[in-house]
Amino acid sequence: MGTSPNPKEDFTCWQNTPNNPDFIPTDVSPQVAFDTALPSTIQVHSFAPINAAAPATQLNVYNTSFQNPATLTAESIASNGSYATFPYPQGLPAEAYITTITTGSGTNLNTVGMEPFFIAHNDTSFTSAFGVDEAAPEETVTTTTTGLPHCGSGTTKSVVGGTPLPIVTLPTLGKLAVGSMSNLIPVGTTPTVVIAYNRTKITTTTSGGTCYTMTTTAFTGAQAALVVNTGSNNVSIVGIGQEYVPSATITVGSQPVAAAINSAETFAYVANYGSNTISEINLQTMQVSRTLGVQTHPTAVSFDASGNLWVSGQGFLSEINLTNWAVQNTLAIDGTVTGMTYDAKQNGFVAAVQKNGTATQPVNGMTMSAPVLFSPSNDVSYSTTAVFNTTTNSTTTLNETGDSAPYSSSPLASQLAFAGQTAFNPPTYTSTYALDDIAASASGNSFTIFTLSTGKVLLSGTTPYPIRGIKLTSGMLYMTMPESNSLITLPIQLP
């Protein structure tokens, strides 16, 4: 985004804190800017007419700590009092902010407007940034000493790490960036997907004598990462934190494009697009334990709340019985699922469904049993966000997004797993850690954050280049744009 001449974007956003998702938001049009290129002014709308004759019209800026880092005086006011233009607050870090417009002074001070705005950080140093996840590895060492008085009895604790950081795959380099480009880990060819996980390792050492000491080291947060190497038909296991994690390269099927790790973080499951299989990886032995054939071109894999494994792809959604290692149930879907995640509140999978040739899109109430038609022309024009409820075998559509920025011109086009990716940017969805009802999607050069229960768009915007990776957490939206080597971090937790 640093290459964009105008860093402003148009957004729709929620005015309340995301911690109150039941609040019915009103649509506003705040702005987002990037800390590398702030605009000179900001235009804020009012919910009550601004009286131009009032002693002062000011913009008060509040950050997520409810501090007031900037107060600005209006440069101009619309003739109908519907908005005011202020100097853009300079020197503010990347964060989500709330602004209020006040007029008058003293006991006659009136608040006539309130609107959020966002400052995102755009780091263009991430060469060919593609997949992204967040990790917060932490090491806590607790030492307790007991014994005679001269032993200095007591407990000490030291903590290292714990700060959330992005981990990003770099396909053209064959590396994983942990936090920044100064920490690169070699992986396989064309790494695309990355999943951070925790091996949950705790070690305890003791020493005897007159002074008895017990030291416990606890590793929390994600200490390891699984990287899917689409170009070399394998996955890499690497350490990203303080815990020692033995590196491993594990051969899977042809063109792996997606992966999921079970809740116990003991097994990983990889979808192999080219060989129509899924591979089970034992994360303790670092070996493939089982391989299972599925339907054509699997592109997504995920677990439901009960720990059941599901895989989807070109026209299907299948449940896998992990006990007998067999396909237990398959539902037909019109289109190719390019990304999905399970949402407990919806009791189903939130999926991005890409139109394939003459295939129709999912509609409300569809039972996922209609025939799937595919055209070799890859006539891809849009995608739909759908919830596939595996209990009622029904479909709910939430929103539809167009793609105005095909990815065929990307230097990564020849390395991608399937033809549809070169003409369409597959959206991916993820719920936040704090709020299961919130999801994020990306399609081409646009993105949205929305509620799953209502389909209400909370925040949406466009980017100069197609978005390839997206990760939504409780307070951050990460996006990658490999054509501009960009990793975008957008804080979204409002005060």
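The values are calculated or read from the model by the stated rules, or taken from the named source; none is laboratory data. The structure presented is a predicted model; accordingly, all values stated were derived computationally and were not measured. Because the Cβ atoms are built from the backbone with ideal geometry, glycine has one as well, and the counts that use them run over all protein chains shown. Please note that ligands, DNA and RNA were not included when accessible areas were found on the heavy atoms of the full protein model with its side chains. Shrake-Rupley method; radii C 1.70, N 1.55, O 1.52, S 1.80 Å.
Data table
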{"item": "Pro18 vs. criteria over 26 Å from Thr103 (Cα atoms), in a loop (DSSP other than H, G, I, E, B), at pLDDT below 75 and open to solvent by less than 70 Å² (accessible area, probe 1.4 Å)", "result": "yes"}
{"item": "The listed residue being among the charged types (D, E, K, R), exposed (fewer than 14 other Cβ atoms within 10 Å of the Cβ) and farther than 30 Å from Pro49 by Cβ, out of Lys175, Lys157", "result": "Lys157"}
{"item": "Subset tally (residues that are closer than 16 Å to Ser306 by Cα and assigned to a loop (DSSP other than H, G, I, E, B)) for region 316-339", "result": "2"}
{"item": "Residue check, Gln255 open to solvent by 30 Å² or more (accessible area, probe 1.4 Å) and either closer than 17 Å to Asn321 by Cα or within 24 Å of the chain's Cα centre (by Cα) (or both)", "result": "yes"}
{"item": "The one condition in (1) in contact (Cβ under 8 Å) with a residue 60 or more places away in the chain; (2) outside any strand (DSSP E or B) that Gly253 fails to fulfil", "result": "(1)"}
{"item": "Thr71 vs. criteria at pLDDT 90 or above, under 22 Å from Thr462 (Cβ atoms) and more than 25 Å from the chain's Cα centre (by Cα)", "result": "no"}
{"item": "Residue that is in contact with an Asp or Glu (Cβ under 9 Å, 6 or more places away or on another chain) and of a type outside the set (Lys, Arg), where the choices are Leu317, Leu322", "result": "Leu322"}
{"item": "Residue under evaluation Thr206, criteria (1) open to solvent by less than 60 Å² (accessible area, probe 1.4 Å); (2) modelled with pLDDT under 95; (3) not charged (D, E, K, R), criterion not met", "result": "(1)"}
{"item": "Residue match in region 310-321 (condition: open to solvent by 20 Å² or more (accessible area, probe 1.4 Å), of a type outside the set (Asp, Glu) and modelled with pLDDT of 90 or more)", "result": "yes"}
{"item": "Selection count where residues are in a loop (DSSP other than H, G, I, E, B), over 13 Å from Asn110 (Cα atoms), of a type in the set (Gly, Ala, Ser) and open to solvent by less than 70 Å² (accessible area, probe 1.4 Å), scope region 50-79", "result": "2"}
{"item": "Filter result for Thr192 (part of a strand (DSSP E or B), of a type outside the set (Gly, Ala, Ser) and farther than 18 Å from Pro482 by Cα)", "result": "no"}
{"item": "Residues satisfying the stated conditions in region 470-491, i.e. open to solvent by 10 Å² or more (accessible area, probe 1.4 Å) and part of a loop (DSSP other than H, G, I, E, B)", "result": "Ser474, Gly475, Asn485"}
{"item": "Which numbered condition Ile467 misses (of (1) surrounded by 23 or more Cβ atoms within 10 Å (Cβ to Cβ); (2) modelled with pLDDT of 75 or more; (3) not in a loop (DSSP other than H, G, I, E, B))", "result": "(3)"}
{"item": "Hits in region 234-246 - residues which are at pLDDT 95 or above and not in a strand (DSSP E or B)", "result": "Ile240"}
